[in-house]
């Protein structure tokens, strides 16, 4: 009695032998043998295979003959079945021609997604699905041509025999006759399958699931798997973990849809071939990974020319609820200091707060990005950080920011940044100022201080600035003395007003408790130490000097 | 391989028409036509058992003549169910079927068969009918009468049909002096003549 390992290994051996016979015996014999294999009639499957090889006078190699003999012995069939098999190690294997069809030809994947959508969802570890026409006959009693091949790639958790059978049955019920070749990822591919895969048209597993779903079909353009067929062995790049994390259902499709909508860009006309791997990585960690900063939803930074960004920063920012940094500029206006993720700008618009840059050099180092200054809409960087590129017109319209030319912005920020030392000194007279003041008084002072700079701001920027001040005042009224944890999601980072740095008298950072600058290490640092209890973190980073040592 | 064994096996496979699934029956006939009777002898008994197909006495004699000489498993043969009479037909036949695929501009199969078999030696008549199963499946059945070489003619005509797209061809090549089964009698009764070969049965009748 065969043990459990034989019960699992033997069908796999038979399946692999059938794969080796593909293109050499007729397709219906292969299909029948696979069906018998799947329904646990291994003896009939092997007998059918052996007899077909003899009747068709199909030569096999000596190794194949030995393997077939082992299989015949394993299923207790008559060894005489193998006696008359033609053995010829030098006999060339028949080479077949495959095509995905010309423009007027029926597509090899037509109707496949609808037919197999349901079964694909329930079968384990289906990695890929491809279709191709074979235009040459196979075997002695060969069927008509073109003959459709459906190539299925499975992962380690898949069971090829049952997958082949179930997929074939689904196709048959749909009136589609096809040979289903199930290949395990990482396994050796025969020349027959390699030739087929080279021109096969891949079907998106999400498309197959959507085709089955009763919900309205979502546009699959741009979300399909790349049509570039490749040998199965290359799919080893996808680890089992990734394969498990890639749900072949509408959820991932909707996730992609969210990327597209948040990026506010049309679905790309071309298949996202080059970017799908990156998109795959994105999909593997939808909760952790922000989409790349590009208009195209699935395009990574390399495709848009944007510098690579570190996703944890963006997601960290989003997790803490902090307003994100300024949205990226258009491609042509991008500076190396552009912060990532257009979706963060969407978050900014939703929160009605202007985006804020990570203010400290430490923050920038953690994200592998140079420190960036907030956009001109924000009330000027109080940190004196280098400027950030302005947002694109699209993102600007979403966030309420108006596009600004980088040179002008740089000049403006340069002007603003010059008083940074003055701001540091400006903090000096402030240090004795009580941090806690009446909200009304604080607001009046801020309004006065910002009055000079308002002339330089657009109406929208002024509105945003007003909203910011109101929000800050509101927060102070609710929690005036509470020390907020660095990772608290409740703490907004109030960007400093542009004019505050210009006017030392208006440097009221202590008042709001929002200390960000590492440059005010002198008197401001002592002032912060004085009011450490009121100091709050910026983007999760405690203010300079607030920690011992 | 003896001619007697081959003839007995061909007759056995003729008698299994309508009882064994077409998908298996045509392949066994192809193996016989290709000279794989030893392999068929090993596969057929297990198939009859798994498909729960019984045999009448005459058929057991054919099994004994055709398969035992090539090493068929006696144990398996002994387990085949014995029937007192042939089972009733599960099919009906008609010269034309409303659900049959019909080419409005001609019958490609008929044209091809006529080109192949008209005036061919050893071929008497070539006829065709439509068979409908109890499940509603409609298949075209070719009925050919021949005086010799029936297994190879069967294999040839099956491969022609498969090349034309028929996945499970039904080709019944009957010896001219063979007593047809009820299945074949019903098929002949509802068939249309496609062409005649060199062995015109009516000509033989006239000149005999």
Spin-label model distance (nm) - residue A:40 vs residue A:169, 7 Å beyond Cα toward Cβ: 1.4 nm
Theoretical gain in end-to-end length, residue A:107 to residue A:70 [0.36 nm per residue, Cα-Cα removed]: 9.3 nm
Inter-chain Cβ neighbour average for residues B:39-48, partner chain, 10 Å: 5
Average beta-carbon neighbours from other chains, 10 Å sphere, peptide A:58-67: 0
FRET efficiency for residue A:9 and residue B:23, using Cβ-Cβ distance with R0 set to 25 Å, rounded to 0.05: 0.30
Inter-chain Cβ neighbour average for residues A:108-118, partner chain, 10 Å: 0
Label point distance in nm, residue B:96-residue B:60, each placed 7 Å from Cα along Cα→Cβ: 4.7 nm
Cα centroid of the stretch B:4-30 to Cα centroid of the stretch B:128-149, whole Å: 14 Å
Computed label-point distance, nm, for sites residue B:163 and residue A:83 using a 7 Å Cα→Cβ extension: 3.4 nm
At R0 = 25 Å, FRET efficiency that the Cβ-Cβ distance of residue B:68 and residue B:3 yields, to 0.05: 0.95
Near-label residues of the stretch A:7-36 by backbone N, under 14 Å of a point 7 Å along Cα→Cβ of residue A:93: A:16-25
Cβ-based exposure ranking for A:31, A:135, in which fewest neighbours within 10 Å come first: A:135, A:31
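Computed from the coordinates by the stated procedures, all read-outs in this text should not be read as laboratory data. What you see is a predicted model; the values in this text were computed from it and never measured. Backbone-built Cβ (ideal geometry, glycine too); neighbour counts: all protein chains shown.
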